[in-house]
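> Below is the structure I would like to discuss, written out as structure tokens.
Only the coordinates and a few stated rules stand behind these numbers; no lab work does. Predicted model, so just to flag it, every value in this text is computed and none were measured. Here the Cβ positions follow ideal geometry from the backbone for every residue, glycine too, while neighbour counts run over all protein chains shown.
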Amino acid sequence: MHPSVHYVVEPHWAEWACEIQVRTLAEELWGETSHTINYPHETESIACREQLASLARVASGRRRLVDSIFASRSEYNDKFTGK
């Protein structure tokens, strides 16, 4: 799992490009923890792999929950307040 939004920036005046990764703080926590445990070699500990997978799901779930809250608010405003 690689929970990031990736943007490739290519200025029209330059012959180079760069990639920008955007993560929530929870996703960054997962990414740094996973990198520390699994780099340069993936851990052989099944418990660590399972815990990292759980942490990834929690990080992703937080983002989805926030998106859902904003969508619900928008739907409510459209339906009941006209805003």
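> Quick one: count up the residues across region 18-27 that are in a loop (DSSP other than H, G, I, E, B) and free of Cβ contacts under 8 Å to residues at least 24 places away in the same chain. It would help to see each step written out before you state the result.
In the first step, residues of region 18-27 are kept if they are in a loop (DSSP other than H, G, I, E, B); the result is 23-24.
Narrowing the set further to residues that are free of Cβ contacts under 8 Å to residues at least 24 places away in the same chain leaves 23.
Final tally of qualifying residues: 1.
> Also, I was wondering about something else. Can you tell me which of (1) in contact with a Ser or Thr (Cβ under 8 Å, 6 or more places away or on another chain); (2) within 16 Å of V5 (Cβ to Cβ); (3) not in a strand (DSSP E or B) is the one W30 doesn't meet?
In the conditions (1) in contact with a Ser or Thr (Cβ under 8 Å, 6 or more places away or on another chain); (2) within 16 Å of V5 (Cβ to Cβ); (3) not in a strand (DSSP E or B), W30 misses (1) alone.
> State all residues of region 1-41 that are out of contact with any helix residue (DSSP H, G or I) (no Cβ under 8 Å at 6 or more places or on another chain), surrounded by 13 or more Cβ atoms within 10 Å (Cβ to Cβ) and closer than 12 Å to R63 by Cβ; if no residue qualifies, say none.
Scanning region 1-41 gives a single hit, E28.
> Report, by residue number, each residue of region 42-51 that is surrounded by 10 or more Cβ atoms within 10 Å (Cβ to Cβ) and either touching a residue at least 60 places away in the same chain (Cβ under 8 Å) or out of contact with any Ser or Thr (no Cβ under 7 Å at 6 or more places or on another chain) (or both).
E42, T43, S45, C48, E50, Q51
> If we keep just the residues of region 63-83 that are under 28 Å from R23 (Cα atoms) and hydroxyl-bearing (S, T, Y), which is nearest to the chain's Cα centre (by Cα)?
S68
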